[in-house]
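What follows is a set of notes on a single structure, which appears directly below.
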Number of protein chains: 2
Amino acid sequence: MHAETSTGALSDAKALSALARQHGCLTIVDAVTSLGGVPLLVDEWQLDAVYSGSQKCLSCVPGLSPVTFSPKAVEKMQNRTSKVQSWFLDQSLVLAYWSGKGKRSYHHTAPVNSLYALHESLLMLKEEGLENAWQRHRDMHELLKAELEALGIAFLVDADHRLPQLNAVAVPEGIDDAAVRATLLNDYNLEIGAGLGALAGKAWRIGLMGYAAKRENVALCAKALKDVLS
Amino acid sequence: MHAETSTGALSDAKALSALARQHGCLTIVDAVTSLGGVPLLVDEWQLDAVYSGSQKCLSCVPGLSPVTFSPKAVEKMQNRTSKVQSWFLDQSLVLAYWSGKGKRSYHHTAPVNSLYALHESLLMLKEEGLENAWQRHRDMHELLKAELEALGIAFLVDADHRLPQLNAVAVPEGIDDAAVRATLLNDYNLEIGAGLGALAGKAWRIGLMGYAAKRENVALCAKALKDVLS
């Protein structure tokens, strides 16, 4: 789990991948929220199976999951002996589409409109520059952090492991979590995430992902939170 | 298989469903190409699990599969004892979303843009009238049939079992199937389907589905085929 959105933590995928390799293991990496928002160096970190989502830092419509496999992961799939239960997710059928090798028989009708949308979102990312997009996420996070800390709101995750695109902060003492979120949504058309699991009622999760990671959103969030909290 | 697009045959889903019930069986019905194009009376025919596609006679973007389950099908799913292999397609999790019963925990990010598209396509169908849409598919099929038969092209399926939205016809004797299809595509921007399996090289499959089932398409197809064949 590269970018863990329930806690706002960024894991060290590079170190975990190296550890896995030391033990002869392959890695499968959830990069749903990391791709486009923070560095994700698939080849350099030697990640084996990586999947993401279109609707987070890629700013595209939801419904697609970009995936990539290392040669070792492909070899593993091609050598499996048990039957794949799912036609829909059978990568051996989908890989035949991609590779040009073997019989390219019909597998599915592609969601072409969504694929065009993803193509456009990737062009937008290319125009901005991937490194610039990472920097923009960091910059907007720093802006928001300064604003939140001025309001006495603390981050849940140590600075070194924070996700810039998902800011998990503690609900201040004595504040009614649900009431604040409802007022933000109803009066400011601004939705921030609730805490999940052990953090229910205790955390807010403020997304700044892709297209949404911009100064006006930080400004609105900071001012709206200040107004509501006072 | 209600509307079998590889052969252009319409099955008698009502009779098959009755037969299944006589033997205590549930039915699962592939209605991908039938929904919106020909009568599909899910409740009246007592079909148990029915799935369709958004991109055929509903004229919507591809990527969604409308599904419906009878109470018996839901009961069957709820009483299963083996583990569902696929999170993605685990209907017990999805049903909890729909029913409002049980814990409605997060399952997936919905492809909301595609859902809006489907909503709009269903509104368009409602405005036309479902029965009118069926009639339009029949009318366009009859028009195309007259044109094709005038060219000496014969249908593969008996008249009583033909799909109006997928016209499967025999490639005339001595005609180069692939050359005709390539010319139609390159010179007329018109794609017709090739035969599959045992029908490869011997059949053409001409779709008239949803938005595409209209007079100008029939006219273009008839004239283009006539030109190319001569």
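No value in this document is a laboratory result; all are computed from the given coordinates. Everything numeric here is computed off the predicted structure, so don't read it as measured data. Cβ atoms come from the backbone with ideal geometry, glycine included; neighbour counts cover every protein chain shown.
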How far, in degrees from 0 to 90, does helix A:112-128 lean away from the longest principal axis of the Cα atoms of chain A, to the nearest 10? 60
Evaluate the charge dipole of segment A:130-229 about its Cα centre and quote only its size in Debye, nearest 20, assuming +1 on the Cβ of each Lys and Arg and -1 on the Cβ of each Asp and Glu. 180
Summing +1 per Lys or Arg and -1 per Asp or Glu among the other residues with Cβ less than 11 Å from A:GLU120's Cβ gives 0
Let me have the relative contact order for segment B:1-153, percent, based on Cα pairs under 8 Å that are six or more residues apart. 18
Simple spin-label estimate for B:GLN135 and B:GLN22 in nanometres, 7 Å along Cα-Cβ: 3.5
Can you tell me how segment B:3-128 classifies by the Cα gyration tensor, rounded, prolate or oblate, using a/c under 1.5 as the rounded cut? oblate
I need the shape label for segment B:182-222. Rule: rounded when a/c is under 1.5, else prolate if a/b > b/c, else oblate, with a, b, c from the alpha carbon gyration tensor. oblate
Between B:GLU142 and B:VAL112, what length comes free when the chain is fully extended (0.36 nm per residue of separation minus the Cα-Cα distance, one decimal in nm)? 7.1 nm
Segment A:130-229: mean projected area of Cα convex hull, nm²: 6.3
Segment A:145-230: GluC sites (Glu not before Pro) falling in loop per DSSP and having at most 16 other Cβ within 10 Å: A:GLU173, A:GLU191
Spin-label point model (7 Å from Cα, Cβ direction): what's the B:ASP176 to A:HIS161 distance in nm? 6.7
FRET efficiency (A:THR68, B:GLU191; Cβ distance; R0 35 Å; to 0.05) is 0.65
DSSP-assigned coil residues among trypsin sites (Lys or Arg not before Pro) in segment A:20-102, each with at most 15 further Cβ atoms within 10 Å: A:ARG80, A:LYS83, A:LYS101
Return the single residue from A:TYR97, A:TYR211, A:TYR51 with maximal mean-square fluctuation; model: Gaussian network over chain A, springs between Cα atoms under 10 Å. A:TYR97
Would you mind calculating the relative contact order of segment B:173-230 from Cα pairs under 8 angstrom and at least 6 residues apart, reporting the percent as a whole number? 33
How far, in nm, would the chain grow between A:ASP90 and A:GLU75 when pulled straight, counting 0.36 nm per residue and subtracting the alpha carbon separation? 4.0 nm
Considering every Cα-Cα pair within the protein assembly as shown, what fraction, in whole percent, is farther apart than 39 Å? 39
